[in-house]
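Notes follow once the structure below has been shown.
Every read-out reported here was derived from the displayed coordinates using simple, explicitly stated rules and does not represent laboratory data. All values reported here derive from a predicted model rather than from experimental measurement. Glycine gets a Cβ as well: all are built from the backbone with ideal geometry, and neighbour counts include every protein chain shown.
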Amino acid sequence: MQMFKNSLSIRHYSLELKQHSHSHHQLVFPLQGTLNINMQGHLGFVDVGQCLIIKAYEKHGFTAHENARFIVADMHTLPSQLMDNQHCVFFISKPLLAHLDFVDKQLSFQVNTEIETLSQSLFESLLGQQDCFEILDKRIEKVIHHLNDELAQSHTLIQLSQLACLSVTQFKKVFKANTQMTVQGYLTHIRMHKAKSLLAHSDLPIQIIGEMVGYHNPSAFSRKFKQYFGQSPKDRSRIK
């Protein structure tokens, strides 16, 4: 009988919810876009920079926009701190996030068994060091969900803090503690990644894409995108 082998793969999901379970553990890392989850009564979402833990035999279902992309780790065993963790979503460390970016490019462009084996080993080592789980405050989770749904709109700290039922000062502090980013930094982050996904996977005009992520001035959008990714949105054939 062949033994189960840990593996990393790139996945896409659809807007149709299909619930299932399996005998192995699974970790899901968004690369582009947001994953909506329905898992044993838990409704929520997982964004870039976060990880979803699905333990063996847990019933779960996903929905996501067809342009969204995810790295999925099928695992025979999990580090003890993940197995003992009572929450299903956590923020990942910057070294692990950087490694996942490498894994994404390696799996997308080249089949190399030796490199993939080394990548898997490094992934497991970084995962074993993941000992700080930053769980979203429900008030901040509500705001983040709103920001992801309304990327084209302008947002003020006063409006967002009211949505979170916090003062502006408290809101900025709690938001930074939960996301490791300022509100503006997080908003720029999700806008740029959404724009990158649309540029890579659609033929929408650049101006329309800019408007869809909140930039109604094409020049301002181009400057921000180049500043963030180091390449112009006009070079969309090279965007991955």
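Quick notes on this one:
- Counting Cα-Cα pairs of segment 7-128 in 5 Å increments starting at 0 gives whole-percent bin shares of 2, 11, 22, 26, 21, 13, 5, 1, 0.
- Adding -39500 (n - 2.57) for every DSSP H run of four residues or longer, then dividing by how many residues the chain holds, sets the calculated 222 nm ellipticity at -13500 deg cm²/dmol.
- Which listed pairs, of LYS105/LYS142; LYS18/LYS55; LYS55/LYS138; LYS105/LYS173; LYS55/LYS173; LYS105/LYS226, have C-alpha distances above 28 Å, in listed order: LYS105/LYS142; LYS105/LYS173; LYS55/LYS173
- Positive minus negative residues near LEU27 (Lys, Arg vs Asp, Glu; Cβ under 13 Å): -1
- When each of VAL111, VAL213 is scored by the number of other beta-carbon atoms lying within 10 Å, the sequence from fewest to most is VAL111, VAL213.
- Net charge of the neighbourhood of SER222, taken over other residues with C-beta under 12 Å away and scored Lys/Arg +1, Asp/Glu -1, is +4.
- Computed over segment 138-238, Kirkwood Rh from alpha-carbon pairs, angstrom: 14.3 Å
- Restricting the GluC sites (Glu not before Pro) of segment 115-200 to loop positions (DSSP other than H, G, I, E, B) with no more than 13 neighbouring Cβ atoms within 10 Å leaves GLU150.
- Mean projection of the Cα convex hull over all viewing directions, computed for the chain: 14.2 nm².
- Computed over neighbours whose Cβ is under 15 Å from that of ARG191, the net charge equals +1, Lys and Arg +1, Asp and Glu -1.
- Förster-model FRET efficiency, 30 Å R0, SER23 and VAL111, C-beta, rounded to 0.05: 0.65
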